[in-house]
Amino acid sequence: MRLFLLPISTRRSLIYCERRSVLSPPPPPGAPPPSFFRRQIDSVPSRINKTWAEWERAEKGWQKKLTVYANQLFKRIPYEEWGLKSIPALTAKRKEELEKLANGSANAGGKGKGVEVVFPGRFMEKEKVLGTLETLATERQGLHRSRLYWSVAIAPLTAPFTIVPVIPNIPFFYVAYRGWSHWKALRGSQHLQLICKLQSQVPTSSKTAPAILTLEPSSTLDSLYAAGLIHPTREKSREGPEPSIEEVDAVAQGYGGKPEGVKEEGPLYAKKSKEVKVEGSVNGEEKMLLKRWNGKVLAERFEMPELEIEIERAVEQVEKHIAEEGKKKEVEKKDDAEGKGKKD
């Protein structure tokens with residue numbers, strides 16, 4: 001299991017679990033075949049995806065309109081929910097597996113049962129990774145739980161829509177999907193919470209205790225982040241040379257990162273800081289670290305096509321939030337100025 005922890009801005013991050021294999025492992029020799037019910041459950045996602053793709057390819061009709069409107073609704077689902085949904089639901093078997101690993105009783109064949117966390121080490125301090133994961137795991141659990149109960153409660157009220165001929169009961173399917181989505185995000189967050197809890201219980205001074213989390217700062221991510229902040233477009237990023245270590249450090253420092261291997265007071269760092277032009281320093285304000293076009297570049301580099309839409313969605317939502325916060329501050333400043341003017 002490999003997690004990508006991607007800072008979207010200087011204050012918000014996206015968690016995403018890589019889908020290393022969409023195929024179930026082959027059953028052991030002599031194992032009974034899966035039941036009819038299990039086969040039907042396993043085939044549901046593929047059948048839904050196939051039907052949805054056919055509707056999207058339609059030139060006109062209610063199917064085409066439905067996919068257009070639904071895709072707009074999907075964009076409004078918080079990127080945090082999509083990220084938690086990418087994490088497999090916590091099962092009893094997985095819980096037992098993690099607890100055995102934490103207790104040091106995992107057998108020699110347990111390699112790979114831990115969790116690898118990949119993140120840009122120069123744009124996110126290693127010491128803050130566990131705390132960030134814990135926040136992402138717990139901050140939305142109450143919301144997903146309450147929305148799940150709400151979806152279950154309201155689903156029967158959509159039953160009258162089944163009397164409409166030809167067109168399926170769209171309200172029911174939407175409520176059912178949102179309920180499933182909240183359940184998936186809740187179970188994924190519980191999985192991540194357990195991982196963080198068990199990792200926090202491992203003594204930091206112990207050299208023999210197995211690590212639940214393996215933190216892997218990625219120089220590839222550092223380079224991609226820096227290139228995205230230096231260059232204005234994806235084309236320029238691809239045409240230009242890959243940023244050097246000194247350039248990456250200079251960009252990271254400008255955005256509140258923690259450069260490694262280059263001293264701030266050194267002449268090489270000072271030279272590179274002047275040469276590298278970035279959008280601006282943090283100065284206590286929230287700044288974007290990724291752009292929408294970064295999603296395709298990152299997805300291609302790590303060979304994860306599904307990561308592109310996740311990054312684009314997260315960047316779009318965070319940009320919108322920052323813009324709204326900026327407008328609120330401007331209104332507050334204007335109100336304060338008018339208030340002072342009246343007093344004078």
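Within region 150-162, residues that are within 15 Å of SER181 (Cα to Cα) and modelled with pLDDT under 85 have Cβ atoms under 7 Å from residues that are of a type outside the set (Gly, Ala, Ser) and open to solvent by less than 50 Å² (accessible area, probe 1.4 Å) in these pairs: ALA155/VAL175, counting only partners at least 6 apart in sequence or on another chain. So, in region 140-162, how many residues would count as being hydroxyl-bearing (Ser, Thr, Tyr) and surrounded by 15 or more Cβ atoms within 10 Å (Cβ to Cβ)? Going through region 140-162 one residue at a time, the tally reaches 2. Close Cβ contacts (under 9 Å, 6 or more residues apart or on different chains) running from residues in region 63-74 that are part of a helix (DSSP H, G or I) to residues that are small (Gly, Ala, Ser) comprise LYS64/ALA58; THR67/ALA58.
Restricting ALA53, ALA58, ALA70, ALA102 to those that are over 22 Å from ALA211 (Cα atoms), surrounded by 13 or more Cβ atoms within 10 Å (Cβ to Cβ) and out of contact with any Lys or Arg (no Cβ under 8 Å at 6 or more places or on another chain) reduces the list to ALA70. Just one of the listed residues (GLU324, GLU310, GLU319, GLU300) is part of a helix (DSSP H, G or I), touching a residue at least 60 places away in the same chain (Cβ under 8 Å) and under 30 Å from PHE74 (Cα atoms), and it is GLU310. On inspection, SER206 passes the criterion of being modelled with pLDDT under 90 and either part of a strand (DSSP E or B) or not acidic (Asp, Glu) (or both).
Criterion applied to PRO78, PRO7, PRO88 was being buried (at least 17 other Cβ atoms within 10 Å of the Cβ) and either at pLDDT 80 or above or touching an Asp or Glu at 6+ places or on another chain (Cβ under 7 Å) (or both), and the one residue passing it is PRO7. Applying a threshold of 7 Å to beta carbon distances and a minimum spacing of six or more residues, or different chains, the list of pairs starting in region 222-243 at a residue that is without any contact (Cβ under 8 Å) to a residue 24 or more places away in the chain and more than 16 Å from ARG292 (Cβ to Cβ) and ending at one that is basic (Lys, Arg) and crowded, with 22+ Cβ neighbours inside 10 Å is empty.
The values are calculated or read from the model by the stated rules, or taken from the named source; none is laboratory data. Small disclaimer: the values here were computed from a predicted structure and weren't measured. Here the Cβ is made from the backbone with ideal geometry for all residues, glycine too, and neighbour counts use every protein chain on show. For accessibility, only protein heavy atoms count, side chains too; no ligands or nucleic acids. Shrake-Rupley method; radii C 1.70, N 1.55, O 1.52, S 1.80 Å.
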